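Q: Sharing a structure with you now.
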Amino acid sequence: MDNRPIGVFDSGLGGLTGVRELRKLLPGEDIIYFGDTGRVPYGPRGKDTIIQYTRQDIAFLLSKNVKYIMAACGTVSSTYPPQEAKQLPVPFCGVVGATARAATYATQNRRVGVMGTPATIRSGSYEVLLRQLIPGVEITKQACPMLVPLVENGYIQDGNPVAMLLLEEYLAPMQKAQVDTLILGCTHYPLLKGMISKIMGPNVSLIDPGKVTAEALKRDLSEKGLLAKRTQGQAQYYVSDDPDGFISVADLFLGEYRGGPVKQIAIEKY
């Protein structure tokens, strides 16, 4: 048993979908979340910059004595070197591995779509794993650079005309390829799940990275003997920009699990 908190981070608000799932699955765990709202989005940035930001985000969480780190960010998970992650003093997981495995179980026709930030798509991380896991898989990829800013600014109401216009354009290649499984390769995208499902139709399985990664993290904590011995945990939130903007949108991500103190930090110091 280990009562230290779980650390979760993302470039902004999207990782809160992972926090919501963790609080649902592991109600006894304390969670410390860092959203790099001052430097969001990570997706369009170069590899070296993303790695630099990731190291600072991890250093901050380690300063909070976390027992496990979850990179609830498709861009980081696709870019941060696995060999470096293995050298960290606590276990680390990203969203790519669990998400790719979930797609493997879901697909019937071996046609899988991947939508993500430009950095995630550019990395080819999902493509490499899917080809290992699904012989003969046909992969359709689509970079969606406008979706993170869209979600961060609250354009997530079902049927929002701006969101629908963008999604119809981004999802057209998926429809043409007749994918039966679509990886939402960024933790922001589940907030658009209703609209994505409406466009793709009921026969396409949507893989939520926050959900499947939280499930994998729970299994790993149990196997490693790191589960907390309490019935009710708490969540604390840290951001690198004005907390007011974070608070106003965070409740939409967290739903019934909203609440908890929010503080601003200078992430460049880490």
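Q: Of everything in segment 144-167, what is assigned to a helix (DSSP H, G or I) and open to solvent by 30 Å² or more (accessible area, probe 1.4 Å)? Give them in sequence order. Show your work before the answer.
A: The first filter runs over segment 144-167 and keeps only residues assigned to a helix (DSSP H, G or I), leaving 147-152, 161-167.
Hits for segment 144-167 are P149, E152, P161, V162, L165, L166.
Q: Output the helices (runs of 4 or more DSSP H) that fall wholly within segment 168-270 and possess 1 or more residues being at pLDDT 95 or above, or say none. Spell out how you get there, then give the answer.
A: Details: elements: 193-200, 209-224, 243-254.
Of the helices (runs of 4 or more DSSP H) lying wholly inside segment 168-270, those with at least 1 residues that are at pLDDT 95 or above span 193-200, 209-224.
Q: Still on this structure: Please specify each residue of segment 33-49 satisfying the condition of being touching a residue at least 12 places away in the same chain (Cβ under 8 Å) and open to solvent by 10 Å² or more (accessible area, probe 1.4 Å). Steps first, please.
A: Taking segment 33-49 and keeping what is touching a residue at least 12 places away in the same chain (Cβ under 8 Å), we get 33-45, 47.
T37, G38, R39, V40, P41, P44, R45, K47 - these are the residues of segment 33-49 that are touching a residue at least 12 places away in the same chain (Cβ under 8 Å) and open to solvent by 10 Å² or more (accessible area, probe 1.4 Å).
Q: Are any residues in segment 1-50 more than 19 Å from M115 (Cα to Cα), of a type in the set (S, T, Y) and part of a loop (DSSP other than H, G, I, E, B), and if so, which ones?
A: T37
Q: Any idea which of T213, T181 is surrounded by 13 or more Cβ atoms within 10 Å (Cβ to Cβ), closer than 24 Å to R20 by Cα and touching a Cys at 6+ places or on another chain (Cβ under 7 Å)? Before you say what the answer is, go through the steps one by one.
A: Values: T181 fails: touching a Cys at 6+ places or on another chain (Cβ under 7 Å).
Being surrounded by 13 or more Cβ atoms within 10 Å (Cβ to Cβ), closer than 24 Å to R20 by Cα and touching a Cys at 6+ places or on another chain (Cβ under 7 Å) holds for just one of T213, T181, which is T213.
Q: What are the residues in segment 69-86 that are assigned to a loop (DSSP other than H, G, I, E, B) and either small (G, A, S) or buried (at least 24 other Cβ atoms within 10 Å of the Cβ) (or both), if any? Outline the logic, then answer.
A: Keep residues of segment 69-86 that are assigned to a loop (DSSP other than H, G, I, E, B), which gives 72-73, 80-81.
Listed by number, the residues that qualify are A72, C73.
Q: May I ask you to verify whether S240 is free of Cβ contacts under 8 Å to residues at least 12 places away in the same chain and open to solvent by less than 60 Å² (accessible area, probe 1.4 Å)?
A: Working: free of Cβ contacts under 8 Å to residues at least 12 places away in the same chain: no; open to solvent by less than 60 Å² (accessible area, probe 1.4 Å): yes.
Taking the combined requirement at face value, the residue does not satisfy it.
Q: I need the full set of residues from segment 211-239 which are within 17 Å of D30 (Cα to Cα), among the small types (G, A, S) and under 17 Å from the mean Cα position of the chain (by Cα), in order please.
A: If the condition is that a residue be within 17 Å of D30 (Cα to Cα), among the small types (G, A, S) and under 17 Å from the mean Cα position of the chain (by Cα), then A214 is the only one that fits.
Q: If you don't mind, another one. Within segment 187-206, take every residue that is within 22 Å of A119 (Cβ to Cβ), open to solvent by 10 Å² or more (accessible area, probe 1.4 Å) and in contact (Cβ under 8 Å) with a residue 60 or more places away in the chain and give me the one that is farthest from the chain's Cα centre (by Cα).
A: L191
Q: Among the residues of segment 87-143, which ones are part of a strand (DSSP E or B), surrounded by fewer than 24 Cβ atoms within 10 Å (Cβ to Cβ) and either free of Cβ contacts under 8 Å to residues at least 60 places away in the same chain or touching a Phe, Trp or Tyr at 6+ places or on another chain (Cβ under 9 Å) (or both)?
A: In the first step, residues of segment 87-143 are kept if they are part of a strand (DSSP E or B); the result is 92-93, 111-116, 138-143.
Restricting the remaining residues to those that are surrounded by fewer than 24 Cβ atoms within 10 Å (Cβ to Cβ) gives 92-93, 111, 138-143.
The answer is F92, C93, E138, I139, T140, K141, Q142, A143.
The values are calculated or read from the model by the stated rules, or taken from the named source; none is laboratory data. Computed from a predicted model, the values in this text were never measured in an experiment. Cβ atoms come from the backbone with ideal geometry, glycine included; neighbour counts cover every protein chain shown. Only protein heavy atoms, including side chains, enter the accessible area calculation; ligands, DNA and RNA are left aside. Shrake-Rupley method; radii C 1.70, N 1.55, O 1.52, S 1.80 Å.
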